[in-house]
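Throughout, read-outs are computed from the coordinates displayed, never taken from laboratory work. The model shown is predicted, which means the values in this text are computed figures rather than measured ones. We place every Cβ from the backbone using ideal geometry, glycine too, and count neighbours over all the protein chains shown.
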Amino acid sequence: MTSDSPGELAGELRVALAKSTRRIRSRRGGADLPDPQFNVLAILLREGPLSPGALADAEHVQPPSMTRTVNALVELGFVRKSEHPTDGRQVVVSLTAPGEAEVRETRRRRDAWLAAQLDTLTDDERRTLAQAAVLLRRIAAG
C-alpha cells in the first residue's frame, strides 16, 4: 500500500529502506566485521589514509571509540598506523591489502544478494527502482 501523502509515504519509505539496509548489511565478507569496522575500511578505501580524528568525524563518533575500532582493525591486519608526515603527535591510518580485499568481498556479496533480489522483478519494476534510486540519492543529498 502506498500513499501520495508525504507524511504517509515518508513512513512507508523509512520502514522499507531500514529493512532493506539491514538485509544488505547482513551480507558480510569472510571476516564478518561489525558495521563500524567495515565502515572505517570503506572510508579508507574511498578517501585514502586518514587520521583517527578524521575517521571519527566521518563516522560521527567520539575519538576514543574510533581509537578502539582502529586498534581492532590493526590487530586483524586490515589497517596499519604510521607516523603523520607533519605532526609527530598524530598517526595516519591506512588500508592494507587484506583490508581492501575485505571491503571488496563484502561489497561483492552485498551486490550479489541485491542482484538476485532484483532478478525476481519484472523489467518494468527494475526501471521503476532505477528511477527511485535517482530520487533517493537526491533526497539523501538534501
Practice problem: Per DSSP H run of n ≥ 4, the term is -39500 (n - 2.57); total these for the chain, divide by its residue number, and report the mean residue ellipticity at 222 nm rounded to 500 deg cm²/dmol. | Solution: -22500 deg cm²/dmol
Exercise. Can you find, among Ala132, Gly48, Thr96, the residue farthest towards the positive end of the dipole of the chain? Put +1 on the C-beta of Lys and Arg, -1 on that of Asp and Glu.
Key: Thr96
Exercise. Give the Debye-formula value of log10 I(q)/I(0) at each listed q (0.14, 0.19, 0.20 Å⁻¹), with one equal scatterer per alpha carbon of the chain, two decimals each.
Key: -0.80, -1.14, -1.20
Self-check item: Gyration tensor verdict on the range 4-62 (Cα atoms; rounded if a/c is under 1.5, prolate if a/b is larger than b/c, oblate otherwise)
Solution: oblate
Quiz item: When only Cα pairs under 8 Å and 6 or more residues apart are kept, what is the percent relative contact order across the chain?
Solution: 25
